[in-house]
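Enquirer: I'd like to ask you about the structure that follows.
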Amino acid sequence: MNLGRAPGLYYAFFPYPEAVAARLRRISKPIPLKPDKKFEPQSGPPCAPMSAWLTVVGIGDDGYAGLGRSARRALLDARVVYGGARHLAMLPACIGARREAWPSPFDVAPILAQRGAPVCVLASGDPMFYGVGATLARALPAAELNVLPAPSSVSLAAARLGWALQDVATVSLVGRPLATLNAALHDGARVIVLSGDGATPAALAALLAARGYRASRLSVFEHLGGPNERRIDARADEWSAQPVAALNLVAVECRANGDAMRLPLTPGLPDDAYLNDGQLTKRDVRALTLARLAPAPGELLWDVGAGCGSIGIEWMRSHPACRAIAIESHAERQRFIEHNRDALGVPSLRLVRGRAPDALHGLEAPDAIFIGGGLTVPDVLDACWANLRDGGRLVANAVTVQGEAVLAGWRERHGGSLTRIALSEASPLGRFDTWRPALPVTILDTRKPGRV
């Protein structure tokens, strides 16, 4: 035993003279170390005070009782509390702030007018997930905003179902067309749908059945996280017209039947996915064209001479944040675009009824332009190029000699690349097969100087 390390322990079990004990106590005392250098606490500028004046409080269906200490403190200190009538009614009498219901139509200006005063906003669940928090974050610097989220209804639904959130697609139908769901329909997909109202589940079941997803499982959750929570489970083709609370969401486990059209995520959907009159950029050429257009999240495309809308539709299907404007003058093809954009899940594609270049006036400047028709119309290429953002891409396809001449002349003046595509498909010839060539397509691919 090391007596110098544990004299007390040794003394407790083995008695020895006091002189020895005193000696042990002396050698066991820690020896103070003299520092080589005197250390002073570092001084610096004081921390800047928090400048957040607006607190966005996420509140669940369990109301005020489910809020944490920080959220309750913010509400007690607030001068004004904004929110929906349902949320404001959840607050107890001890909250003395003035209560203001959302203006209709919705506008953040009254909130911003309170700048500097302690203000609270009540929002469902996580305010940054399809909520007002994201709207306010676009209008205010982050330092002025304090967001206190609660679990979102999507998180609660995934927890009830045992679904991993990273494997789930979320589609909001709040203020959006039902056709928005079509882009998320794939065999085996798990989708959580934020309902617009109590009629959404029945409409959703009907849509799934019509699209060939009759065997899909629906789980409707009402008032998630609150005392009135309820769950309804049924197949899409067995959904009954039962009343559903306005506050609900629907979890869908997609199961495709044999007649469901398979729509890949890559560019180049099957040609028969589009209603058309033959004015359609064919599948293989469409895939090559979109590769050159190179869509990126948030970018805007002009599809000039859109035909049935295939390029703009697949541009938007590449990412939920991609946007497109289809410019088409032919009345029947305009109807094709309206049908195809809904059927393929991008109902927000904007249709401009008119002919370029006149129809281009006043449109938001695009990040990319595709010209599929009207190349030989005077000033179309010049107008498109003038409106294209710096660093943007312009891609144009031609199948006629005259169209090719326009593209060749343009390339000489502005640069870019020309690619000629000749495709053939095997088709029967008597008892044998032969190659049937499609019309060759010439593609101009050019980038406007400026930002990358």
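The values are calculated or read from the model by the stated rules, or taken from the named source; none is laboratory data. In this text, all values refer to a predicted model and were calculated from it rather than measured experimentally. Glycine also receives a Cβ, built like all others from the backbone with ideal geometry; neighbour counts cover every protein chain displayed. The accessibility values were calculated without ligands, DNA or RNA, using every heavy atom of the protein model including side chains. Shrake-Rupley method; radii C 1.70, N 1.55, O 1.52, S 1.80 Å.
Enquirer: Restricting attention to the range 380-394, does a residue exist that is surrounded by 11 or more Cβ atoms within 10 Å (Cβ to Cβ), closer than 17 Å to residue 279 by Cβ, outside the structural domain of residue 204 (by the TED database) and in contact with a Leu (Cβ under 6 Å, 6 or more places away or on another chain)?
Expert: So in the range 380-394, the residues surrounded by 11 or more Cβ atoms within 10 Å (Cβ to Cβ) come out as 380-394.
When the remaining residues are screened for being closer than 17 Å to residue 279 by Cβ, the result is 380.
From what is left, the residues that are outside the structural domain of residue 204 (by the TED database) are 380.
From what is left, the residues that are in contact with a Leu (Cβ under 6 Å, 6 or more places away or on another chain) are none.
Checked the range 380-394: no residue is surrounded by 11 or more Cβ atoms within 10 Å (Cβ to Cβ), closer than 17 Å to residue 279 by Cβ, outside the structural domain of residue 204 (by the TED database) and in contact with a Leu (Cβ under 6 Å, 6 or more places away or on another chain).
Enquirer: When you go through 135, 55 one by one, which is the residue that is over 30 Å from residue 169 (Cβ atoms) and either under 25 Å from the mean Cα position of the chain (by Cα) or open to solvent by 60 Å² or more (accessible area, probe 1.4 Å) (or both)? Please lay out each step first, then the result.
Expert: Working: 135 fails: over 30 Å from residue 169 (Cβ atoms).
55 is the lone residue from the list that is over 30 Å from residue 169 (Cβ atoms) and either under 25 Å from the mean Cα position of the chain (by Cα) or open to solvent by 60 Å² or more (accessible area, probe 1.4 Å) (or both).
Enquirer: Condition check: modelled with pLDDT of 95 or more and not charged (D, E, K, R). Does residue 148 satisfy that?
Expert: Details: modelled with pLDDT of 95 or more: yes; not charged (D, E, K, R): yes.
It is true that residue 148 is modelled with pLDDT of 95 or more and not charged (D, E, K, R).
Enquirer: Related question: Considering (1) more than 21 Å from residue 265 (Cβ to Cβ); (2) in a loop (DSSP other than H, G, I, E, B); (3) touching a residue at least 24 places away in the same chain (Cβ under 8 Å), say which one residue 319 fails and leave the rest.
Expert: So the condition that residue 319 fails would be (1).
Enquirer: Looking at this structure, is residue 412 within 30 Å of residue 182 (Cβ to Cβ) and either at pLDDT 95 or above or open to solvent by 20 Å² or more (accessible area, probe 1.4 Å) (or both)?
Expert: Numbers: within 30 Å of residue 182 (Cβ to Cβ): no; either at pLDDT 95 or above or open to solvent by 20 Å² or more (accessible area, probe 1.4 Å) (or both): yes.
No, not satisfied.
Enquirer: Do we have any residue at all in the range 306-328 that's small (Gly, Ala, Ser), more than 22 Å from the chain's Cα centre (by Cα) and more than 25 Å from residue 185 (Cβ to Cβ)?
Expert: Looking for residues that are small (Gly, Ala, Ser), more than 22 Å from the chain's Cα centre (by Cα) and more than 25 Å from residue 185 (Cβ to Cβ), one finds none in the range 306-328, hence no.
Enquirer: Additional query: For the range 198-222, give me each residue that is open to solvent by less than 50 Å² (accessible area, probe 1.4 Å) and either without any contact (Cβ under 8 Å) to a residue 24 or more places away in the chain or part of a loop (DSSP other than H, G, I, E, B) (or both).
Expert: 198, 212, 213, 215, 216
Enquirer: On to the next question. When the range 171-195 is examined, which residues are found to be under 27 Å from residue 258 (Cβ atoms), in contact (Cβ under 8 Å) with a residue 60 or more places away in the chain and aliphatic (A, V, I, L, M)?
Expert: Matches in the range 171-195: 179, 181, 183, 184, 185, 189, 191, 192.
Enquirer: Of all the residues that make up the range 355-372, how many are part of a loop (DSSP other than H, G, I, E, B) and in contact with a Leu (Cβ under 8 Å, 6 or more places away or on another chain)?
Expert: 4
Enquirer: If residue 265 satisfies all but one of (1) open to solvent by 90 Å² or more (accessible area, probe 1.4 Å); (2) hydrophobic (A, V, I, L, M, F, W, C); (3) in a helix (DSSP H, G or I), what's the number of the condition it fails?
Expert: (3)
Enquirer: Determine which member of the set 354, 374 is modelled with pLDDT under 95 and not aromatic (Phe, Trp, Tyr).
Expert: Just a single option satisfies the conditions, and that option is 374.
Enquirer: So the check is Cβ under 8 Å with 6+ separation or different chains; which pairs have a first residue in the range 92-104 that's assigned by the TED database to the domain that holds residue 73 and under 14 Å from residue 121 (Cα atoms) and a second one that's open to solvent by 80 Å² or more (accessible area, probe 1.4 Å) and modelled with pLDDT of 95 or more?
Expert: 97/79; 98/79
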